[in-house]
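Enquirer: Have a look at this one.
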Amino acid sequence: MSDDAPRPSRSMSSADLLALRDDELCTLRVKCEDAVERPLRRDYIDELHRFRSDPLTCEPNWLQVSESGTHFLTRNGFPLHVLRAARTQTRSQPAHPLARERFHLLIDQSGSMQGVNTSLCASARELVEDLAPDVLVAVSTFSSDVRIGAYSSRDAACAALAQLRAAGSTRMNDAILEVIRADADQDRRDESACLRNTLLVLTDGVDNASSSTAADVRRALDAWQAKPGHTLIFLGAYENAEVSASRYGVPAARAMSVAPDSAALRSAFRSVSDNHRANASGFSPQQRSSSSVGSTTRSS
């Protein structure tokens, strides 16, 4: 076939794409709305595949949304056209078109948290309820496993907090990295980064079960915290939170040690809420004092 000859083309459904092996997938490129050609990611195929049950979608003939909603793929020099599925013949809307702020709670649920879990959940619930109604909230946990929660309403976050159960070891490094990846995925679903993004990490000890290292986390957090409006807050019980946070490159001003009792936990979460509302850069000496009352040191 000469270079000037028209090349054959066909449509591929998401099922066709999902069936490709990784070595076949890497030969595909996607040209997005900005006309920049990029490698096709498997998670993008998964997003297309989610629409399979839409009654308006008939595979392999996807609904054509618009020219800007059409993604052109090339494989081995032959054009393949994958049309984004949609419920109407308008461009699909982002998952949360008005999501201007997100708040993510990442909570240690290792076995050593059992003694404070009830107080922790009550204090965290107060924080969530104090957020603005339009803030998207996620609750994630780590112990021997990492469980990443989806961004949703304040009510859904409070319901998730009520289900927390502490047991197992501490995979904090892996958990932070997974939250960062989930945050990037959320940006893609919303088709833009939110204007304000807060990650609150609460733990009562150092990592003892992750496959990733503190250095891995620090590199990822350096990039995450460099984004405008992105803030990480670190609360540590039974430990020097400032020292622990420094391993991850978190400024000492945004780290605070918390005594493992109900009064100190409630004070700490109220301080987070007050600072969030005031857009404060860190904890004050008074806030640190009120959260350390009754502080004890864990022997192991």
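Enquirer: Can you tell me which residue is surrounded by the most Cβ atoms within 10 Å (Cβ to Cβ) among those in segment 135-165 that are in a helix (DSSP H, G or I) and of a type in the set (D, E, K, R)?
Expert: R154
Enquirer: Now a separate question. Could we say that R125 is in a loop (DSSP other than H, G, I, E, B), assigned by TED's automatic domain parsing to the domain that holds C194 and of a type in the set (D, E, K, R) here?
Expert: So R125 does not fit the description; no.
Enquirer: Filtering segment 250-278 down to residues that are surrounded by 17 or more Cβ atoms within 10 Å (Cβ to Cβ) and of a type in the set (G, A, S), which residue is nearest to V217 (Cα to Cα)?
Expert: A255
Enquirer: If you go through segment 205-221 one residue at a time, do you hit one that is out of contact with any helix residue (DSSP H, G or I) (no Cβ under 9 Å at 6 or more places or on another chain), without any contact (Cβ under 8 Å) to a residue 12 or more places away in the chain and not small (G, A, S)?
Expert: Yes, the conditions are met somewhere in segment 205-221.
Enquirer: Tally the residues that are more than 12 Å from H104 (Cβ to Cβ) and in contact (Cβ under 8 Å) with a residue 60 or more places away in the chain, restricting the search to segment 128-161.
Expert: 2
Enquirer: Next up: Please go through (1) in contact with a Gly (Cβ under 6 Å, 6 or more places away or on another chain); (2) at pLDDT below 95 for R218 and return the number of the only condition it doesn't satisfy.
Expert: (2)
Enquirer: Given (1) under 27 Å from A264 (Cα atoms); (2) free of Cβ contacts under 8 Å to residues at least 40 places away in the same chain, identify the lone condition not met by E178.
Expert: Result: E178 fails condition (1) only.
Enquirer: Shifting gears a bit: Which residues, counting only those in segment 171-200, are under 12 Å from L106 (Cβ atoms) and not charged (D, E, K, R)?
Expert: M172, N173, A175, I176, L177, V179, I180, A182, T198, L199, L200 - these are the residues of segment 171-200 that are under 12 Å from L106 (Cβ atoms) and not charged (D, E, K, R).
Enquirer: Next up: Could you tell me whether any residue of segment 170-185 is of a type outside the set (V, I, T), modelled with pLDDT of 95 or more and part of a loop (DSSP other than H, G, I, E, B)?
Expert: The answer is yes; a qualifying residue exists.
The values are calculated or read from the model by the stated rules, or taken from the named source; none is laboratory data. The model shown is predicted, which means the values in this text are computed figures rather than measured ones. All Cβ positions, glycine included, derive from the backbone under ideal geometry; neighbour counts span all protein chains shown.
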